[in-house]
1. Need the failing condition index for Ala138 against (1) open to solvent by less than 50 Å² (accessible area, probe 1.4 Å); (2) more than 14 Å from the chain's Cα centre (by Cα); (3) not aromatic (Phe, Trp, Tyr), just the number.
2. Name the residue, out of Asp85, Asp140, that is charged (D, E, K, R) and touching a helix residue (DSSP H, G or I) at 6+ places or on another chain (Cβ under 6 Å).
3. Which residues, counting only those in segment 123-132, are touching a Leu at 6+ places or on another chain (Cβ under 9 Å) and surrounded by fewer than 21 Cβ atoms within 10 Å (Cβ to Cβ)?
4. Give me the helices (runs of 4 or more DSSP H) completely within segment 7-122, filtered to those with at least 2 residues that are modelled with pLDDT of 95 or more, open to solvent by 40 Å² or more (accessible area, probe 1.4 Å) and basic (Lys, Arg), ordered by residue number.
5. Need the failing condition index for Ala165 against (1) farther than 30 Å from Gly62 by Cβ; (2) at pLDDT 95 or above, just the number.
6. Among the candidates Val81, Val73, single out the residue that is under 15 Å from Arg43 (Cβ atoms) and within 11 Å of the chain's Cα centre (by Cα).
7. When you check Arg28 against the structure, is it out of contact with any Phe, Trp or Tyr (no Cβ under 6 Å at 6 or more places or on another chain) and of a type in the set (D, E, K, R), yes or no?
Amino acid sequence: MFGLFKRLSRRKLAQQPLPEAWLPHLERRVPFFRDLEGPLRERFLTDLKVFAWEKDFVGAGGQAIDDEVRVVVSAAAVRLVLHLDLSYYNRLSEIVVYPEAFRHPGEETWILGEAHTWGTVVLAWKSVVLGLANQEDAHDTAAHEFAHVLDRAGGAFDGTPELRARAHYRPWAQVMTRHYLALRRGAGRARKVLRQYGATNEAEFFAVATEAFFEKHEQMRKQSPDLFAVLERFYRRRPAIEG
């Protein structure tokens, strides 16, 4: 019953017209949007509407939630599932946005973003904007945190999202584990395209690998073709061609 209600709600949102005021935000802040054409662009805009209107956006630390914030953050999320399905974000209900890096009370570490098991993603707006503006450094806070949400859709933060077929899990585990362990050792070709933060644990490796897949796709394809292949099969896309 819940699934049926969700589908009907999304269908209704998808039928609503896209606010014209949203397009300038996409043109200004989302470089990959300019490369989307035809049916792919239409699908992106449809999913964008649904995501932006379905999720609760909450400002924190003085950050206001306006159309720009809602649209740009939603674009970053939809980019990952453009060839998958919005159902990967079913467990995500709330996105909290700070103006810049934030700290938890009593802690000294500054945080750019985090994803929680209970369905909340927290982002620093400044980091989101900078991450999208530079599409070649493989450092994209929004992509990183939304990759964690996809990971959680598979059951846990363990570096393995829900894959399309049972037969895909074994090669996924073999390839991801091999490159993760190599990165921890400071070895392997993947270290040339992956940030060292990916060596923290398997979940962070998947999130960091996702950043690199979308922003250093050609380098990853050449340096680590097996890693590129399993990510391409999961995301169902060639980012160099489709933005």
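1. With respect to (1) open to solvent by less than 50 Å² (accessible area, probe 1.4 Å); (2) more than 14 Å from the chain's Cα centre (by Cα); (3) not aromatic (Phe, Trp, Tyr), Ala138 is out only on (2).
2. On the way: Asp85 fails: touching a helix residue (DSSP H, G or I) at 6+ places or on another chain (Cβ under 6 Å).
Every option except Asp140 fails the conditions.
3. Within segment 123-132, just Lys126 meets the criteria.
4. By residue number, 22-29, 38-54.
5. Answer for Ala165: the failing condition is (2).
6. Selected residue: Val81, the only one of Val81, Val73 that is under 15 Å from Arg43 (Cβ atoms) and within 11 Å of the chain's Cα centre (by Cα).
7. So Arg28 fits the description; yes.
To keep it simple, each residue is scored yes or no on (1) within 21 Å of Asn134 (Cα to Cα); (2) in contact (Cβ under 8 Å) with a residue 24 or more places away in the chain; (3) touching an Asp or Glu at 6+ places or on another chain (Cβ under 6 Å).
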{"residue": "Phe157", "(1), (2), (3)": "no, yes, yes"}
{"residue": "His168", "(1), (2), (3)": "no, yes, no"}
{"residue": "His179", "(1), (2), (3)": "no, yes, no"}
{"residue": "Ala182", "(1), (2), (3)": "no, no, no"}
{"residue": "Gly186", "(1), (2), (3)": "no, no, no"}
{"residue": "Gln196", "(1), (2), (3)": "yes, no, no"}
{"residue": "Phe214", "(1), (2), (3)": "yes, yes, no"}
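The values are calculated or read from the model by the stated rules, or taken from the named source; none is laboratory data. Treat the numbers as computed from the prediction; the structure is a model and nothing was measured. Note: ideal-geometry Cβ built from the backbone for every residue, glycine included; neighbour counts use all protein chains shown. SASA here: full protein model, heavy atoms, side chains in, ligands and nucleic acids out. Shrake-Rupley method; radii C 1.70, N 1.55, O 1.52, S 1.80 Å.
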